[in-house]
Amino acid sequence: MTVHDDPMERFDAAFERAREFESFEPTLAALASVGAQGQPSVRFVLVNVVDGRGFCFFTNYGSRKAGELLTNPRASLAYHWTSIGEQIRIEGQVEKVSEEESDAYFAQRPRGSRIGAWASDQSRPLESYATLQRKFHSLKEGFGSGDVPRPEYWGGYRLVPSKVEFWLDRPDRLHERYLYVRGEQGWHRQQLQP
């Protein structure tokens, strides 16, 4: 296996392998954030945009995760691809993506998902699932066959990595681990004990 100097190049190579062999959604990652009281919380998100700047996920800006990221704009992501025996952990600062990036991503989502973003007051109490369904169908009727624009309260975040760790499954629990840490001179790579 090639050991890359740039963790983003290494991530791209691992992701391509996962996309070929993983039976479940390879963009799925666990996102951990910390609230104002210091309580960590974790949930799975789809990280559908990854580039040299970082890892992007999209959400309602009124959600619990958005509130936690506003209070503490640091987070971690963890991917685990069983089919290829790899895990990748990412830590770093989180920033909102531009409105243009959020618009572009929102526009390519399925129509039902776009209407769903309008229907859901994410993380808020819900009277009943039937209430949510009625709201969705009312919005669907209201939009008709026209455009479904991105709500102002919905958009993306980018986790800008400062640390990336690659874990490779090996026999006898002698797993390979490589930690990349971003410094002033770029990325520094070191191998860790399993």
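The values are calculated or read from the model by the stated rules, or taken from the named source; none is laboratory data. Since we're looking at a predicted model, the values are computed, not measured. Cβ: placed from backbone, ideal geometry, glycine included. Neighbour counts: every protein chain shown. We work out accessible area using only protein heavy atoms, side chains counted, and drop any ligands, DNA or RNA first. Shrake-Rupley method; radii C 1.70, N 1.55, O 1.52, S 1.80 Å.
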Among the residues of the stretch 51-58, is any more than 25 Å from Pro151 (Cβ to Cβ) and surrounded by fewer than 19 Cβ atoms within 10 Å (Cβ to Cβ)?
yes
Say whether the condition of being among the aliphatic types (A, V, I, L, M), open to solvent by 50 Å² or more (accessible area, probe 1.4 Å) and at negative phi is met by at least one residue in the stretch 79-86.
no
Does Glu152 qualify as being over 30 Å from Ala13 (Cβ atoms) and part of a loop (DSSP other than H, G, I, E, B)?
yes
Do you know which of the residues in the stretch 81-109 that are of a type in the set (S, T, N, Q) and more than 17 Å from Leu31 (Cα to Cα) is nearest to the chain's Cα centre (by Cα)?
Ser102
Filtering the stretch 115-128 down to residues that are under 28 Å from Arg53 (Cα atoms) and assigned to a loop (DSSP other than H, G, I, E, B) yields Gln122
Testing Trp187 on (1) closer than 19 Å to Asn60 by Cα; (2) in contact (Cβ under 8 Å) with a residue 60 or more places away in the chain, one condition comes back false. Which one is that?
(1)
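Per-residue answers, yes or no, for (1) open to solvent by less than 40 Å² (accessible area, probe 1.4 Å); (2) of a type in the set (Gly, Ala, Ser):
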| site | (1), (2) |
| --- | --- |
| Leu126 | no, no |
| Lys140 | no, no |
| Gly155 | yes, yes |
| Val164 | yes, no |
| Arg177 | no, no |
| Pro194 | no, no |
Considering only the stretch 87-119, state which residues are more than 13 Å from Gly155 (Cα to Cα), open to solvent by 40 Å² or more (accessible area, probe 1.4 Å) and touching a residue at least 40 places away in the same chain (Cβ under 8 Å).
Gln87, Arg89, Glu91, Gln93
Of the residues in the stretch 12-26, how many are surrounded by 18 or more Cβ atoms within 10 Å (Cβ to Cβ) and within 14 Å of the chain's Cα centre (by Cα)?
2
